[in-house]
Amino acid sequence: MDHNGFDLNLITAFQALMAERNVTRAARRIGLTQPAMSAALARLRRATGDELFVRSPRGLAPTPRALDLTHAFRQVLETIDAALDIAPGFDPGAATARVTLALSEHPAHRLLPGLGRRLATAAPGIDLRVLGFQGRDEAIRLLDDAVADLAVGVPPGPEARILSRPLFVEPFVCIARKGGPAEAALADLTAFLEARHLLVSPEGDGFGLVDQALQARGLRRRIGLMLPQMYAVPAIVSETDLVATVMAGVVADGRPDLVAAPPPLPLPSVPFHLLWHRRADDHPACRWLRQQVVEVAAGITPE
């Protein structure tokens with residue numbers, strides 16, 4: 001018997017025929033029309049290569065082949081019913097798995113220490129893999145392709161298949177070397193404009209959020225150094241007279257050699273969201289992991 005393409009609904013039809021021994025009653029039993037049940041019997045006969053049911057004075061009589069199939073088909077249906085009745089659960093303490101997070105640089109810095117501690121304690125059998133990405137579209141692709149289980153980044157677009165939850169918001173701060181001449185630039189816009197600035201520009205376009213805010217006022221600043229890596233900034237600023245504007249979390253651990261202050265002009269904070277694919281919304285393991293990320297993010301307070 002070639003089972004490829006076999007319609008499992010035929011097993012239900014077979015069971016009804018065994019119970020009723022009549023095509024019309026069997027059809028009524030499972031909500032089919034009489035012609036549909038006759039067609040199902042014909043398909044069963046082709047699939048098994050046997051008549052299965054033959055006419056007798058007492059209705060349809062099963063052939064020996066049909067009797068052989070009765071137990072096997074009943075087991076198939078019981079297995080399917082049992083699988084559908086399973087209420088999936090998740091025991092983090094006993095789970096062994098690898099989960100993949102897609103994180104940009106800053107959420108990785110803010111979330112991974114706390115999340116790593118949580119997993120080591122509550123779910124020691126879970127291994128964590130982190131993938132980087134450069135933009136929102138790349139994060140969405142990683143979720144679409146099931147390469148990543150979760151992502152953390154800027155708020156998603158209109159894609160209905162991608163679900164999200166706000167995690168934390170990062171304000172900006174300006175930093176300068178403590179005791180250096182650039183320290184004055186943190187408190188005064190004029191001095192801020194006269195200072196040499198360090199710009200973090202992953203794309204290398206030389207134009208950042210500060211430049212947008214200044215341009216709206218008809219102002220410009222001097223970029224003395226541009227680089228793509230954010231977390232190299234504190235060390236560079238501590239050894240130079242450059243001013244840098246970074247997310248507060250970059251210096252959240254404190255640097256005694258730096259001075260940090262709010263920017264001398266208003267800048268919008270950056271929201272970070274937890275993203276996941278709709279197909280994983282109800283999965284117990286994914287739901288548990290999302291909750292761990294949310295609770296870790298709840299401990300992040302704006303500086």
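The values are calculated or read from the model by the stated rules, or taken from the named source; none is laboratory data. Since the structure is predicted, the reported quantities are computational estimates derived from the model, not experimental observations. Glycine gets a Cβ as well: all are built from the backbone with ideal geometry, and neighbour counts include every protein chain shown. Accessible surface is based on the protein model in full, side chains and every heavy atom, while ligands, DNA and RNA are left aside. Shrake-Rupley method; radii C 1.70, N 1.55, O 1.52, S 1.80 Å.
Has region 136-150 got at least one residue that is at pLDDT 90 or above, assigned to a loop (DSSP other than H, G, I, E, B), of a type in the set (D, E, K, R) and within 13 Å of the chain's Cα centre (by Cα)?
So far as region 136-150 goes, yes, one or more of its residues are at pLDDT 90 or above, assigned to a loop (DSSP other than H, G, I, E, B), of a type in the set (D, E, K, R) and within 13 Å of the chain's Cα centre (by Cα).
Suppose we filter region 11-39 for residues that are open to solvent by less than 10 Å² (accessible area, probe 1.4 Å) and free of Cβ contacts under 8 Å to residues at least 60 places away in the same chain; how many remain?
7
Report those helices (runs of 4 or more DSSP H) wholly inside region 1-82 carrying at least 2 residues which are in contact with a Pro (Cβ under 9 Å, 6 or more places away or on another chain) and hydrophobic (A, V, I, L, M, F, W, C).
9-20
Report, ordered by the first and then the second residue, all pairs with beta carbons closer than 8 Å, sequence separation of six or more or different chains, a first member in region 46-72 that is free of Cβ contacts under 8 Å to residues at least 60 places away in the same chain and of a type in the set (Gly, Ala, Ser), and a second member that is open to solvent by less than 30 Å² (accessible area, probe 1.4 Å) and not in a helix (DSSP H, G or I).
ALA61/PHE53; ALA66/LEU52; ALA66/PHE53
ARG129: loosely packed, with under 13 Cβ neighbours inside 10 Å, at pLDDT 90 or above and within 16 Å of TRP276 (Cα to Cα), yes or no?
For ARG129, the condition - loosely packed, with under 13 Cβ neighbours inside 10 Å, at pLDDT 90 or above and within 16 Å of TRP276 (Cα to Cα) - is met.
Within the group ARG177, ARG110, which residue is among the basic types (Lys, Arg), more than 12 Å from the chain's Cα centre (by Cα) and within 25 Å of ARG221 (Cβ to Cβ)?
After ruling out the rest, the residue left standing is ARG177.
If the Cβ limit is 9 Å and pairs must be 6+ apart or interchain, which residue in region 166-192 that is within 16 Å of ALA252 (Cα to Cα) and free of Cβ contacts under 8 Å to residues at least 24 places away in the same chain pairs with which residue that is open to solvent by 10 Å² or more (accessible area, probe 1.4 Å) and assigned to a helix (DSSP H, G or I)?
Matching pairs, first to second residue: none at all.
Report the residue count in region 151-173 for those that are of a type in the set (Gly, Ala, Ser), in contact with a helix residue (DSSP H, G or I) (Cβ under 8 Å, 6 or more places away or on another chain) and assigned to a strand (DSSP E or B).
Matching residues across region 151-173 total 2.
Would you mind finding the one in PRO234, PRO263 that is farther than 19 Å from LEU103 by Cα, over 30 Å from the mean Cα position of the chain (by Cα) and assigned to a loop (DSSP other than H, G, I, E, B)?
PRO263
Name the residues in region 278-302 that are under 19 Å from PHE90 (Cα atoms) and not in a helix (DSSP H, G or I), would you?
Correct list: ASP281, ASP282, HIS283.
Based on this model, can you work out whether ARG110 counts as surrounded by 13 or more Cβ atoms within 10 Å (Cβ to Cβ), touching a residue at least 12 places away in the same chain (Cβ under 8 Å), in contact with a helix residue (DSSP H, G or I) (Cβ under 6 Å, 6 or more places away or on another chain) and of a type in the set (Lys, Arg)?
yes
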